[in-house]
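Each remark here refers to the structure printed beneath this line.
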Amino acid sequence: MSDNGLAETASLDRIRGWLEGPNTYGNSLPFWGAFVVGVVALAAYPQLVGVYTTIQSARYFALAFLALSLCFIWGYAGILSFGQVAFFGVAAYAFGIIGLNFSSATGIMAGLVGAVVVGTAAAAIVGYFMFYGGVRDTYVTIMTLVIALVLNTFMAQTAGSEWAIGAAQLGGFNGMDIPSLTLGVGQTGFELERAALYYTLLGALVVTYLGLRVLVNSRFGLTMVAIREDEARTETFGYNVPFVKLVVFTVGGALAAVGGVFYGSWGNYIDPTVFGIAFAALPVVWVSVGGRESLLGAIGATVLIERMRTELSSGIGPIGSEWALVIVGGLLLGVILFMPAGVVPTVADKIETFRARRSEKGQSTPPTEEAVE
Amino acid sequence: MITTPAVPLTASVYSLLAFFFQFLDSFGFIVLATVGLAIIFGMMGVINLAHGEFILIGVYGTALPYHAGVPLPAAMVVGVLVTTVFGVVIERTIVHRFYDRLLDSMVATWGLALIISQGLLIVFGSSLDSISTPLGNIGYGPFSSSIYSKIVLPLIALLVLGGLYLLFTRTNFGIKARATIEDPETARAMGIDTDRMYVATFAIGSALAGLTGALYAPALGSITPNRGSTFLVEAFVAVVVGGPSVIIGTLTASGVLGVFNAAGSILFGTFIGQMFLLMVAIVALRVLPSGISGYIDHWQQRRRADE
Amino acid sequence: MTHESISRRAVLGAGATALGMSVAGCSGDGGGGGGGGGGPTVGILEDRSGNFQLNGTSKWQATRLAIEEINESGGLLGEEIEIVDPDPQSDNSRYQELTERLILQDEVDALWAGYSSATREAIRPIINENDQLYFYTTQYEGGVCDSTIFPVGATARQQLGIVTPYLADEFGDDIYIIAADYNFGQLSGDWVNVLAQENGYNIVGEEYIPLSETDFSSVINRIQEADPDFIMSMLVGANHENFYNQRATNDMEDIPIGTSTAMAQGHEHIRYDPPALTNVYAGVSYMEELGDLREGENFVEDFYDRWEDANYLNQEAQNNYFSVYLWAEAVREAETFDQQEVISVLEEGQDISAPSGSLTLDGATHHMEHEMRVAEADEEHEISFTNNERIGPSFLRSEVEGGDGCDLREEDKTTQYVPSDVYDV
C-alpha cells in the first residue's frame, strides 16, 4: 500500500468512526457498500419507472422524515410522542402561509426556512413546557396527543374569510393550498415537481440519515440512551436531563417540520386531518414495525407500510380495501407482541445469533488460534 | 368563525339550573367514560388505548340484542357481559405481557383499537339503527333537560364510584387489590395471587367500560364503529388529570373538567366548551404532573413527614 | 476471514433496499403506457370503507350502474367504457395518490371522485395541474368556479333557497341557525343570513358546533330560550345526528326544522325512531322516495336490482348517475373522448333527463339548474314532497364579480367564491 492509500483509508476510517457506533445497526464495510448500492439504485429508479411511481415515492420520502423524528426521540431517548404530527402540520401550514404571501422564488425558499423554524420553535416550546415541568413517560404521550387534537379541533373551524394571514386563507376543514418548493432567486425559480422533487427529497433524506447517525453515535447520543435506560441515575451523574430531553425533542420537531414542508409541497395541499388521531398514530406504527432503534428500519417500514396501504385501495388478491386498517392494527399488535424492538433489530439479532452459533460449531480450536488472514 | 351564540342564556334561576344540569351531564359522562380506564391504569399502570373500543363493544353488545327484540335493560346486561368476556380474553392473550412495558402497552392497545373498530365496520356495516333515549325530559321555566342523561346517568356514575369505594375498602378482594397496587412483590410474598388480581381487575375495568357503552347506547344518536373516540379522549385526559387513585382521581378530575366544559358550553358555545376541556387538561398536566390524586398523596406524605 | 468482514448488516441492508425497490416497483407501470391507449376509461374514487362509507358506497354503486347501462346498450362511440375504481378509504392522502395514478397511469377520460369538500380541495391541485375533467357530485356549499371541474350537486344556495322561504311562509320569520363548525356549515349559515336579508327574516340565534360534538343540550336550552319559529339545521356527520335524538327526548318536535343535510344523505328518517325526524323539512334535489320522474324508467328499482345489499339511494348518488349520462351525451356530440373537446361541448349547455326531473347544465358556470323540492318527514317519518321549483346557479351566474358572474367559456379560472364576496355577512 502506498502512502496515499494509507491516508485515504485513514480518513475513510475516521468518517466511518463518526458514522458508526453502538447505537446504530450497520457498522461494517459491506454494509456501507450495500448502502451506496442502494442509494445509487434509488437514484436510478425514476428512470426505470413511470411518473406516477416517482411521484408516489417522493411522498414516502416526505413521510420518512416524520418517521425519523419519532424514531430519534422514542428509540433513542424513550420519549413516546403521539404529537410529532403537530410539528409536521404546523410547518406545512407555515410554509403555505409564507409561500402564498411571498410567491417569488426567494419567498418560497424563505418559506422553507421559516416553516422549519416555526415547527422547531413549537417543539421547543412544548418540550420546555413538558420537561421542565416534570411531565414524564405516559403523561408525555398523552399531552402530545392532546396538543395534536387541540390543533385539529381549532384548525377545522378556521373556515371563514377572517381566518387569513395576509393572502393565505387557512381554509378550515377544506384545507389550504400550498405552493411547490422552488429553488431560485427573485422571480426566476425552478419548481421542484415530479422527478426533481424526488431527487431533492432523496438527497435530503440521505443527508439527514447520515447526520442522525453521527449525532446518535456521538456522546450526545450516548447521553440520550442513558436517559432512556435510567433517567434518575443519569441525573445523579450530573447531566441536565430536562435540558437534554428538550434538545432531543426540539431536534425531533425540526425533523418533523422538514417532513411537513416536503409533504405539503408534494400535494400542494394541507388540511386539519394532519392533526387528527388517525394520522397521529401512523408514525408510531411505522417506527414500531421498522425498529425503534433503527433509523434505516424506520425509513424502510414507512415506505413499505404506506405502499401496502395504497395497494390495498385496489385490493390485494382477495383482501379488500376495508381490511387496510385491520392489517395495520394487526401488524402493530403483532410486532409489539413478538418483535418488540422492531423488524430490523430483531432480524439483525437473529442473524447475529445464527452466525455466532454456526461459527461455534465450526470451531475445534479456541478462537485465539484462528488465523487472522 | 368563533361566534358567541347570539342568545347567551339570560341569568336567572332557570339558567343556573340549566348550567347545573349541563354540569351533571358532563360529570356523569366523564366519570363513566373514565372509571374503567382508571381502574386498569391505577392497578397496573397500563393505559388501554383500546378503551374507547371496549366501550363501543358495550354499545354494540346492547344495540344488537335491542334491535333483535330484547328489551333495553336486558340488552344492557348483555352488553356488559359481552364486554367483560372480551376484556378477559384480551387480558389473557395480550395485555398481561405488558405489565412491565407501559409505553409498549399503549402501542399494543392502539393496534388493538384499530382492529376492533375496523372489524366492527366490516362485520356490522357503517351504522346500526339508533336507540331513542328513554325517560323523556323534565321541564323548568323555558328549558327542558333529558332525565336520562342529566339525572339517571350521573346518579349511576356516583353509585359506581361508591360501589368501587366499598369494593376496595370493605371487601377481602379490595384489600388484596390495594396491596397488589402498593407493592406487588410483598403482596406475592404474602400469598396473594397477583396474576389473578390483575385478571380480576381487568375484568372489572372491562365490565365498567361495557356498562358505559350499554348506558350510552341510547344516548349517542348514531351508532357507528368510529364512536369509540367520543369517549377515549375525555377518558384518558381525565385519567391523567386525576392521577393514580381511582376514586379520588376520577371524582376530582370529572368535577374539574366537567365544570369547565359545562361553563364553556353554556356561556360561549360547544366549541369553546371543548377547547376549555382540552386546555384545562394541558395546564393541569403541567402543574400537577402526577395528577390531582398524585398531588394529594404527595401532600399527605409531606404532612405526615412533618409530624 | 474474521467475523467482521462479512456482516449480517450488509446482508440486511442490501436485502432491505432490494426488497423495498422490488415491492415499490411492483406497480405494474413500465414507464408510460397506462390504459389510455385503448378504449375510453373512467375513474371512480368513492369511499367504500372508512368514515364516509355510508355515503360513498351509494355514489360508487350509482356511477357503476350508469356506466354498465351505457355499456349494455352498445357502449359509447361504439366502444366499451372501462372502469378504474380503487377505494380511497375516506383518506385524503389516498385520494391524492389515487388521483395521480388515475390521471398519469390509467389516463382516465373523466373522473368522479370524492364525497366531502375537503377531498375535492385536496385533489384540486392535481386536477388543475393535469387539466383533468372532473365531476364533483356531492351537494356542497357552492361557489367553485374551475375550468375542468363540474360540480353537479345542488349548492347550499339552491337547497336553502327552496326550504327557508317555504318554512318562513308557513311558520314565521324567526329563525335559529345551527350548523357544523367548518367550511360547509359556516358558508351555509352565511347563505341563510343572505336569504334573511333578501326576504326580511329574523335571525334570533346562530351557532356553530364542532364536528366531534355529540351533546346538544346547551344548544337546545338556548333554542328553547330564543323560541324561534323554526330552526335551520346544517349539522353534518354521525356525531351531530344526536341532535335529532335529543330533540325528541326534549319534546321539541313542534319546532319545525329546515335542513340541507339531514335525511337525503344519511337516511336518518329510517335509522331513527319517530319523532326524532318528525317535522323536519329537507331542501333536496332528489331523494330515493321520489322515485323516477322519467317516463317508463325506474331508477330506484334498477339500482336495487343491481345492488341488492345497498343501504339507501342518496341524493348525491343520483347526481353521480345523471352526470355519467351528461358526460356520455357530450362525448357523443363531440364525437371524441378528448377532454378539452368534451368540456367545450358541455360549456354550450346541456339538457338532461334525470330521475329528479328535466335538468339543465349551465355551461358558463359548470353548475346545474336543479328541480328543487321540500321533503317533509311526518310523525311516522313518511316522506312527502312539496314546493317544486327550478332554481339555477344564480350566485355564480349573476352575482359574483360585481354582477358579471363567472363565465368559464370566456376565461380559465380555478377559484371558489363565498357569500361574503358579494354580501355583507
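The values are calculated or read from the model by the stated rules, or taken from the named source; none is laboratory data. Note that the structure is a prediction, hence the values are computed from the model and not measured. Because the Cβ atoms are built from the backbone with ideal geometry, glycine has one as well, and the counts that use them run over all protein chains shown.
Which pairs do you get when a residue that is more than 8 Å from chain B (Cβ to nearest Cβ), found in the stretch C:217-230, comes within reach of a residue that is buried (at least 24 other Cβ atoms within 10 Å of the Cβ) and hydroxyl-bearing (S, T, Y), reach meaning Cβ atoms under 7 angstrom, with the pair 6+ apart or on two chains?
Partner pairs satisfying both residue conditions: C:I223/C:Y176; C:P228/C:Y176.
Given B:G242, B:G255, B:G205, B:G228, which one is in contact (Cβ under 8 Å) with a residue 12 or more places away in the chain and either in contact with an Asp or Glu (Cβ under 7 Å, 6 or more places away or on another chain) or at positive phi (or both)?
Selected residue: B:G228, the only one of B:G242, B:G255, B:G205, B:G228 that is in contact (Cβ under 8 Å) with a residue 12 or more places away in the chain and either in contact with an Asp or Glu (Cβ under 7 Å, 6 or more places away or on another chain) or at positive phi (or both).
For B:D104, state whether it is within 14 Å of chain A (Cβ to nearest Cβ) and touching a helix residue (DSSP H, G or I) at 6+ places or on another chain (Cβ under 6 Å).
The answer is yes for B:D104.
Just need a number here: residues in the stretch C:105-129 that are within 12 Å of another protein chain (Cβ to nearest Cβ) and either of a type outside the set (S, T, N, Q) or out of contact with any strand residue (DSSP E or B) (no Cβ under 6 Å at 6 or more places or on another chain) (or both). Talk me through it step by step, then tell me what you get.
To start, the set of residues in the stretch C:105-129 that are within 12 Å of another protein chain (Cβ to nearest Cβ) comprises C:105-107, C:114, C:116-129.
Within this subset, residues satisfying the condition of being either of a type outside the set (S, T, N, Q) or out of contact with any strand residue (DSSP E or B) (no Cβ under 6 Å at 6 or more places or on another chain) (or both) are C:105-107, C:114, C:116, C:118-127, C:129.
Here the count works out to 16.
If you go through the stretch A:45-70, how many residues are of a type in the set (A, V, I, L, M), assigned to a helix (DSSP H, G or I) and within 10 Å of chain C (Cβ to nearest Cβ)?
The number of residues fulfilling the criteria is 4.
Just to be sure before I move on: is B:I122 within 14 Å of chain A (Cβ to nearest Cβ) and at pLDDT below 90 in the structure I sent?
Details: within 14 Å of chain A (Cβ to nearest Cβ): yes; at pLDDT below 90: yes.
When the stated conditions are applied, B:I122 passes them.
Which residue, of A:V251, A:V274, is hydrophobic (A, V, I, L, M, F, W, C), touching a helix residue (DSSP H, G or I) at 6+ places or on another chain (Cβ under 7 Å) and crowded, with 24+ Cβ neighbours inside 10 Å?
Working: A:V251 fails: crowded, with 24+ Cβ neighbours inside 10 Å.
Within the list A:V251, A:V274, the selection yields A:V274.
Regarding A:Y139, is this residue among the aromatic types (F, W, Y), within 14 Å of chain C (Cβ to nearest Cβ) and over 30 Å from C:P419 (Cβ atoms)?
So A:Y139 does not fit the description; no.
Please state which one of C:G185, C:G237, C:G189, C:G205 is at the interface with another protein chain (Cβ under 10 Å from one of its Cβ atoms), part of a strand (DSSP E or B) and either within 19 Å of the chain's Cα centre (by Cα) or surrounded by fewer than 24 Cβ atoms within 10 Å (Cβ to Cβ) (or both).
Being at the interface with another protein chain (Cβ under 10 Å from one of its Cβ atoms), part of a strand (DSSP E or B) and either within 19 Å of the chain's Cα centre (by Cα) or surrounded by fewer than 24 Cβ atoms within 10 Å (Cβ to Cβ) (or both) holds for just one of C:G185, C:G237, C:G189, C:G205, which is C:G205.
Can you pull out every residue in the stretch C:128-170 that is under 10 Å from the mean Cα position of the chain (by Cα) and either surrounded by fewer than 24 Cβ atoms within 10 Å (Cβ to Cβ) or in contact (Cβ under 8 Å) with a residue 40 or more places away in the chain (or both)? Walk me through it before giving the result.
Our first condition is that a residue be under 10 Å from the mean Cα position of the chain (by Cα); within the stretch C:128-170, this holds for C:135-141, C:151-155.
Within the stretch C:128-170, C:F135, C:T137, C:T138, C:Q139, C:Y140, C:E141, C:P151, C:V152, C:G153, C:A154, C:T155 qualify.
Yes or no, residue by residue, for (1) small (G, A, S); (2) part of a helix (DSSP H, G or I); (3) within 14 Å of chain C (Cβ to nearest Cβ):
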| site | (1), (2), (3) |
| --- | --- |
| B:S229 | yes, yes, yes |
| B:V237 | no, yes, yes |
| B:H298 | no, yes, no |
| B:R303 | no, yes, no |
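Please indicate, with yes or no, whether at least one residue in the stretch A:149-171 is crowded, with 22+ Cβ neighbours inside 10 Å, more than 14 Å from chain C (Cβ to nearest Cβ) and either under 23 Å from the mean Cα position of the chain (by Cα) or assigned to a helix (DSSP H, G or I) (or both).
no
Would you check if A:L333 is surrounded by 19 or more Cβ atoms within 10 Å (Cβ to Cβ) and touching a strand residue (DSSP E or B) at 6+ places or on another chain (Cβ under 9 Å)?
No.
Restricting attention to the stretch B:190-199, does a residue exist that is surrounded by 20 or more Cβ atoms within 10 Å (Cβ to Cβ) and within 14 Å of another protein chain (Cβ to nearest Cβ)?
Among the residues of the stretch B:190-199, not one is surrounded by 20 or more Cβ atoms within 10 Å (Cβ to Cβ) and within 14 Å of another protein chain (Cβ to nearest Cβ), which makes the answer no.
Can you give me the number of residues within the stretch A:297-315 that are in contact (Cβ under 8 Å) with a residue 24 or more places away in the chain and more than 7 Å from every other protein chain (Cβ to nearest Cβ)?
Result for the stretch A:297-315: 7.
Look at A:F237 and say whether it is within 20 Å of A:A64 (Cα to Cα), among the aromatic types (F, W, Y) and surrounded by fewer than 24 Cβ atoms within 10 Å (Cβ to Cβ).
Values: within 20 Å of A:A64 (Cα to Cα): no; among the aromatic types (F, W, Y): yes; surrounded by fewer than 24 Cβ atoms within 10 Å (Cβ to Cβ): yes.
For A:F237, the condition - within 20 Å of A:A64 (Cα to Cα), among the aromatic types (F, W, Y) and surrounded by fewer than 24 Cβ atoms within 10 Å (Cβ to Cβ) - is not met.
Out of B:I131, B:I151, B:I138, I need the residue that is assigned to a loop (DSSP other than H, G, I, E, B), touching a strand residue (DSSP E or B) at 6+ places or on another chain (Cβ under 8 Å) and more than 7 Å from every other protein chain (Cβ to nearest Cβ). Which one?
Among B:I131, B:I151, B:I138, only B:I131 is assigned to a loop (DSSP other than H, G, I, E, B), touching a strand residue (DSSP E or B) at 6+ places or on another chain (Cβ under 8 Å) and more than 7 Å from every other protein chain (Cβ to nearest Cβ).
Among the residues of the stretch B:280-296, write down those that are of a type outside the set (D, E, K, R), within 7 Å of another protein chain (Cβ to nearest Cβ) and part of a helix (DSSP H, G or I).
Of everything in the stretch B:280-296, those that are of a type outside the set (D, E, K, R), within 7 Å of another protein chain (Cβ to nearest Cβ) and part of a helix (DSSP H, G or I) turn out to be B:A281, B:I282, B:L285.
Restricting to the stretch A:177-194, give me the number of residues that are under 19 Å from A:V258 (Cα atoms) and either touching an Asp or Glu at 6+ places or on another chain (Cβ under 7 Å) or more than 9 Å from chain C (Cβ to nearest Cβ) (or both).
Qualifying residue count for the region: 9.
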